[in-house]
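*Asks:* Quick one: the structure is below, and I'll ask about it shortly.
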Amino acid sequence: MREYVAEEDVAQPMYFISHAWKNKVSLLIDFILDDLLVLADEGVAVWIDILAVNQHEETDEHDYDIAAFADVIKVCSGGTIVVMDVEQCNPSTRGWCIYEWSSTLAAHGDGGLHMTFRSIEERKTVVESINIRNAQCQFERDKAMILRCVEELHGSADRFDAALKLQLMLEPLSHHADLRRLLGRAQGTTWTLDSFQRWVSSGKRALCVVGGAGDGKSTISAVLCAAAGGDGGGGGSSSTFATAAASSTCTVHAAHFLKYSDARRVDPVRIVKSLAFQLAQRLQGGFAAALMRQDTAKVATMVDMDEAVELLLQQPLRELVDPPAQVLLLVDALDEGDPLSLQLGAGSDSSTPQYPPVLGNKALYLINNCLARLPSYVRFIFTTRPEAAGGQVLPSLGRAFGEAGLETLDPCDLRAAAGSPGGVMVYHTAREAAANIAAADAEGEPGEQQLPAAPAEPDMGDVYAMYSHIFRAAYAAAGEEAPRLKDLIAVLTAAKEPLSESYLAQLGLGQALALLPGRPIIYFADEHRLYSIHKSLGDWLTDPACSHEFAVDVLQGHRILGTHLAATWRTCSDRLYALHYSVTHLAEAVAADAAGGTQEAGPASLVLDDLVLDFNFLHHVARAGYLHEVITALGGMPAHTAPTYDVLRWLKAEQSEAERKPSAASLAEHGLTTAPPATSVYKASVMHCTPAWSTRLSLPTSDDPWSSQCIAVMEGHSDYVNSIAFSPDGKTLASSSDDKAVRLWDAASGRCIATLQGHSRGIHSIAFSPDCTMLASGSEDSTVRLWDAASGQCTATLEGHTAWVQTVVFSPDCKTLASGSGDSTVRLWDAASGRCMATLAGHSDFVMSVAFIRNGTMLASGSGDKTVRLWDAASGQCLATLEGHLDAVRSVAFSPDGTTLVSGSNDNTVQLWDAASGQCTATLEGHSICVSSVAFSRDGRTLASSGGDKTVRLWDAVSGRCRAMLEGHTDSVKGVAFSPDGKTLASGSCDRTVRLWDAASTAAQQGHSDPVRSVAFSPDGTTLASGSGDKAVRLWDATSGRCTAMLEGHSDGVNCVAISPDGTTLASGSDDSTVRLWDTARGRCTATLEGHLDWVLSVAFNPNGKTLASGSGDSTVRLWDAASGRCTATLEGHSADVMSVAFSRDGKTLASGSRDNTVLLWDAASGQCTATLEGHSLRINSVAFSPDGKTLASSSYDKTVRLWDTASGQCTATLQGHTWIITSVAFSPDGTTLASGNDDGTVQLWAVSTGQCTATLHEHRMNVSSIAFSPDGKTLASGSHDKTVRLWDAASGPAQGDTAGTLGGC
């Protein structure tokens, strides 16, 4: 071989490459050369059987090579990488592949087998085909050998099959590395387990070891695992026990170690999967079999913790044939489940934030609300710092298990006082690392002699001193490699999960690994990933006041990781990590640049812009379930580029839909229909889809194209959403529903973070306490429930009302809770004790809303008896009864300064009252159906109201002017609430969704406030006119999109507009039965043409400019002298409404389409009907002549377009393919293309010569009412019931075909 391979190219392999022999060789080589080695350090070598094994089966060398497989796998330090080509050959059906996987698991454990599945379906295929006995081999002797080896290594073939299936299905997180490290740290410590044994004997369900930072809580967890049932693969320990080790009756069956630095370890679903995997290995009687009956694809995509607990724990436990007397689960370091922002740099004496995070600790929520409900024989051991969950960790565990069912211990209770190191335990491990360094520097002299004397009771300050000593020595030894070492430490600190050494080598940091401070104690590798000694190291590194010159540049770590992951996410060795955190790392890096005052976009910013506009990336992120991470990362940036802001707004609004899209192409197409045209998301969609036509402008335009857009749509409730409330810090939104649940949503990402259940009927109201520690809910079950905000637990059920509880609210001082009920009373409750302090009677019907004034001295209530009552909060006396509404008062709210009270009523009005005098100061009208909710912004300047008309309205609280109407809900809007900063408005609806709106930037735009019914271009194409149901005509600059004039005068909706051939006059027809003529230059009405007896539905100028035609609901067509406004003829012939009129280009023929299903052709000069065109089966909506006048197009309710020969009156073609009513048609100026507008919100383009549909434009959200080509044919305008006008430009390249429509005979 030496003559073919250079000696320097031969090295001990890091990876064993496993593949099926039937796989494509090209796939194997491409993976190794293009994906793996191109990113790896130069010293990385791999072992490939086709190159390393003698292929001559008759030789001894071949037998030797085959026999050495297991030994080769052992020396491959990185484990085994499986290269799969499942379509060609499923590797789990091949005997040698199974043998390689078995040997890998035996040699390297769970973390040594690297499998990357390209899809959920591929994972399912591999898992469900694992069966070692059925695996194929070319030779029977090989099969027998493989089966024998598997049984020797794993006990039995069935046991191996089950373990491998469950590993690939559940992807458990191994804690072996934790045990080995922690047991090593426990050396020299003497443990006494008397108190532990007493707890075991007590029958209490939960034990919690509570101590401060570095007190050895996690070490105790490892010791309990080792003492109770072996060390779980963790290796031995020289620890000793002052009492006998625990008996088998207290075996720890499954354990999980939370890690602040490993996001996987704090994910509730991953916790459940890991516990389930361990229980399957330890419990007999069918637990594993029950798990294996689960659908692999469903388990792989599982995100709901309740579902995970039910399917992976509850069901298998219920199916146990002979349940054990006790199953013991251990969860270590609950405090490390707190939000990372509250941990890093906080130290041991971190102060409590102003508002404790709502459900900030997901692991604690999992325990209290899911795991605690497991069968009573399942018992728990926890460790935690006492300040976890805002200090609520112990109270919440007490509620979950009962005060009598929870026992707490101090770490000192489990350590023998004599012979054991005292103080903070991690100090002794850090000192060992420092001593090793000192010994090496002193060339063999004892390292302890080089260090200051150890304190008797070391504290965290002493630990930090050891860290400083270790890092100082490491940087001194690094020399020129110090910058690389600093980058490596930054990357390790910034990483969201422990990184593999191979990936760090791919980052170019491989040479610095050996230089890590205190390695292998402070930093160490285990199961192919790099870990650090203790959480205190992260605290020290990220707090410059402690670490000084060794403070880590975490943001540099984010830059390195983010840019590399963005470039390699398709081929990265840990693709899921790349999909999960690429945007997070880049966003952190960009935020740092912004904080540093960088004016120009840095490299990280440019990379982030490109990444978030890559629909392939976004689609893979959505498929992996990580869109909420992208949204959270982008939302946390202090400043945005246009791409990051646009993507943030788009993803928040479209997250649910984006997650359902099956491909990157469909996701980009969704961007075309949902992103405003001026945004980078829309432009990226155009680049990805290359549509034949794309929107250039959407009218009205705005400086902020998102200003009228919904920020987020949150789906999850299965029934009406009745009430919503923001937490005082604005980070969480609560919603209550008729589905009997309260949902808590992360306001930044729109993701549901918890579902609170307990009420037996629908929940009408939800409220946060002002200090953010409690929630209250009122229900149709006549009760009020109080919930702990930190844990999500119900702390009290308040009973006393005799009918539905409609409303709840806390007093400003949090001491009192008020509730209103269908029993016509208001009750005041002591929020601490739950005792009813007063019942306020006086209303004669349902109390539907209550509100406290800001100082808490007064309470207002609104009732079905049409009144508002004011009450003295202290005495309960009614101070005033406010009358004025004509129907039930459904909502009341005080202004922040307490001077104004607002009420919303079923009489469709909002009324403002002077809180002191009780006088009504204003009545706001606008809603067309009942006003269900009202709310003031924090500054009191804006008032929001929601109604049964499916809208939310924003009002200027001083002037009473409606400044915006927010539309998007598809059913009644029952609740509104402002965020504490007033920037966001939330709404809940009977459509089962919660929506977030940008309340700060939403303002009345210069656009139509009702559906657009008609559009028309001026002859020179520079101006576009639109008519709307809002009674106005607007003129728009067709280049800029600016509204240049609004023509008002009609007393009812405008149905049609047309501009004269010379461009000086505009005609409009209205539901007020008139036609108006307008001077387009001055925007002045020059004439009102009266004569029609019903609404005017269409107008058209004769190309000669002298005559105007109008069609009406009175079944007639009228001709008017355009100069004088005199009616020159009335054309009768239709038997129903005339929907459309059009002149031929030569002006000699007039066509009219009617609700009577016919098209009539008229001689324009004489007014005589020359032809009746019949064929449509339903009413005609629109008619249009081709430029040469030889063809007439008509569109109909029958979902077809017909083309007619105007000379013969014969139908020459029927354009079919529409699935909705066709509202309008228009020919392009060159006559080659016909456009049709549809009730489904689309515009379709047809090749006139072939009748083929060449393009479908999807971007309107509601039906398209009118279309028009610009005179040069390069722009198409469409008006819609979504109140917008879109200007579409043709693509520069050839139009893409769309064969959905076809040409049919007549």
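*Asks:* Using +1 at the Cβ of each Lys and Arg and -1 at the Cβ of each Asp and Glu in the chain, identify which of I32, G800, C752 lies farthest towards the dipole's positive end.
*Replies:* Working it through, the farthest residue towards the positive pole turns out to be G800.
*Asks:* Restricted to Cα positions, what overall size does the range 601-645 have along the principal axes? Three whole-Å values, descending.
*Replies:* Computed over the Cα atoms, the extents are 30, 19, 14 Å.
*Asks:* Using only Cα atoms, what is the ratio of the radius of gyration of the range 253-344 to 2.2 N^0.38 Å?
*Replies:* 1.16
*Asks:* Taking 20 °C and 1.002 mPa s as the conditions, I'd like the Stokes-Einstein D for the range 1182-1273 in µm²/s, using the Kirkwood hydrodynamic radius from alpha carbon pairs.
*Replies:* On the way: Rh = 12.9 Å.
Stokes-Einstein gives a translational diffusion coefficient of 166 µm²/s.
*Asks:* While we're on this one: What Kirkwood hydrodynamic radius, in Å, does the range 537-681 give when the mean of 1/r is taken over all pairs of distinct Cα atoms and then inverted? Mind showing how you got there, number by number?
*Replies:* On the way: mean 1/r = 0.0629 Å⁻¹.
The answer is 15.9 Å.
*Asks:* Oh, and also: Taking Cα centroids, how far is the range 83-120 from the range 734-774 in Å?
*Replies:* 44 Å
*Asks:* Kirkwood hydrodynamic radius (Cα pairs, Å) of the range 684-737?
*Replies:* 15.3 Å
*Asks:* In whole Å, what are the Cα extents of the range 363-514 along the three principal axes, biggest one first?
*Replies:* 58, 45, 27
*Asks:* Follow-up. Grab every C-alpha pair in the range 491-615, bin the distances at 5 angstrom width from 0 up to the longest one, and report whole percents.
*Replies:* Pairs per bin, as whole percents: 2, 11, 18, 22, 19, 15, 9, 3, 1.
*Asks:* Next up: What figure, in Å² to the nearest 10, do you get for the accessible area of Y427 with a 1.4 Å probe and non-protein molecules left out?
*Replies:* Approximately 10 Å² of Y427 is accessible to the 1.4 Å probe.
*Asks:* Please work out the Cα center distance from the range 859-932 to the range 1164-1198, rounded to the nearest Å.
*Replies:* 57 Å
*Asks:* I'd like to know how the range 1135-1194 sits against the 2.2 N^0.38 Å rule of thumb: what's its Cα Rg over that expected value?
*Replies:* Output field value: 1.03.
*Asks:* Related question: Net charge within 12 Å of S723 by Cβ-Cβ distance, Lys/Arg positive one each and Asp/Glu negative one each, not counting S723 itself?
*Replies:* +2
*Asks:* First obtain the Kirkwood hydrodynamic radius of the range 977-1085 from its Cα pairs, then insert it into the Stokes-Einstein equation at 20 °C and 1.002 mPa s, and state the resulting D in µm² per second as a whole number. All intermediate terms of the calculation are to be shown ahead of the outcome.
*Replies:* Working: Rh = 15.7 Å.
Answer from the Stokes-Einstein relation: 137 µm²/s.
*Asks:* Moving on. Any idea what the relative contact order of the range 835-890 is, in percent, if you count C-alpha pairs under 8 Å spaced at least 6 apart?
*Replies:* Rounded, it is 30 percent for the range 835-890.
*Asks:* With the contact rule set at Cα under 8 Å and sequence spacing of 6 or more, what percent relative contact order holds for the range 1141-1195?
*Replies:* The normalised contact order for the range 1141-1195 reaches 34 percent.
*Asks:* Moving on. Could you name the aspartates and glutamates whose alpha carbon sits less than 19 Å from that of K740, not counting residues in the same chain fewer than 8 places away?
*Replies:* D304, D306, E307, E715, D719, E780, D781, D788, E799, D991
*Asks:* Next question. With only alpha-carbon atoms in the gyration tensor, what are the semi-axes of the equivalent ellipsoid for the range 639-739, in Å, largest first?
*Replies:* Largest first, the range 639-739 gives 29, 17, 12 Å.
*Asks:* I've got another one for you. Per residue, how big is the convex hull around the C-alpha atoms of the chain? Give it to me in cubic angstrom, could you?
*Replies:* So the per-residue hull volume is 216 Å³.
*Asks:* Considering only DSSP beta bridges with both partners in the chain, what is the antiparallel share in %, to the nearest 5? If you can, show how the numbers build up before the last one.
*Replies:* Values: 218 of 250 bridges.
The antiparallel fraction comes to roughly 85 percent.
*Asks:* Follow-up question, since we're still on this one. Given the pairs K1031/K1199; K273/K535; K217/K273; K1106/K1190; K298/K661, which are separated by over 20 angstrom at their Cα positions? Walk me through the intermediate numbers first.
*Replies:* Details: K1031/K1199 29 Å; K273/K535 24 Å; K217/K273 24 Å; K1106/K1190 23 Å; K298/K661 18 Å.
Where the Cα-Cα span goes over 20 Å, the pairs concerned are K1031/K1199; K273/K535; K217/K273; K1106/K1190.
*Asks:* Sticking with this one: Quick one: ranking K683, K486 by accessible area, 1.4 Å probe, largest first, what do you get?
*Replies:* In descending accessible area the options line up as K683, K486.
*Asks:* In whole angstrom, how far apart do the alpha carbon centroids of the range 782-829 and the range 473-490 sit?
*Replies:* Centre-to-centre (Cα) distance: 59 Å.
*Asks:* Order W1078, W1095, most accessible first, counting only protein heavy atoms with a 1.4 angstrom probe.
*Replies:* W1095, W1078
*Asks:* Tell me, what is the percent relative contact order of the chain, built from C-alpha pairs under 8 Å that lie six or more residues apart?
*Replies:* On the way: 3149 pairs, mean separation 67.3, N = 1306.
Relative contact order, the chain: 5 percent.
*Asks:* Of K22/K143; K74/K165; K683/K983; K362/K496, which sit over 19 Å apart, Cα to Cα?
*Replies:* Over 19 Å Cα-Cα: K74/K165; K683/K983.
*Asks:* To the nearest 10 square angstrom, how much accessible area does V210 have with a 1.4 angstrom probe?
*Replies:* Approximately 20 Å² of V210 is accessible to the 1.4 Å probe.
*Asks:* Can you tell me the Rg and Dmax of the range 745-824, counting just the alpha carbons, in angstroms?
*Replies:* In order Rg, Dmax, the Cα atoms of the range 745-824 give 12.7, 39 Å.
*Asks:* Just by accessible area at a 1.4 angstrom probe, what is the order of T807, T1250, T755 from largest to smallest?
*Replies:* On the way: T807 10, T1250 65, T755 35 Å².
Largest accessible area first, the list is T1250, T755, T807.
*Asks:* Which log10 I(q)/I(0) values does the range 783-867 give at q = 0.24 Å⁻¹ under the Debye formula, counting every alpha carbon as one identical point scatterer?
*Replies:* -1.18
*Asks:* Using a 1.4 angstrom probe and counting only protein chains, how large is the accessible area of T93 in Å², to 10?
*Replies:* Taking all protein chains as shown, T93 has close to 40 Å².
*Asks:* Hey, another quick one. Quick one: grab the alpha carbon gyration tensor of the range 653-693, order the square roots of its eigenvalues as a ≥ b ≥ c, and give me rounded if a/c is under 1.5, else prolate or oblate depending on whether a/b is larger than b/c.
*Replies:* Note, shape of the range 653-693 comes out oblate.
The values are calculated or read from the model by the stated rules, or taken from the named source; none is laboratory data. Note that the coordinates shown come from a computational prediction; the quantities given were computed from them, not determined experimentally. Virtual Cβ from ideal backbone geometry, glycine too; neighbours counted across all protein chains shown. Accessible surface areas use protein heavy atoms only, side chains included; no ligands, DNA or RNA. Shrake-Rupley method; radii C 1.70, N 1.55, O 1.52, S 1.80 Å.
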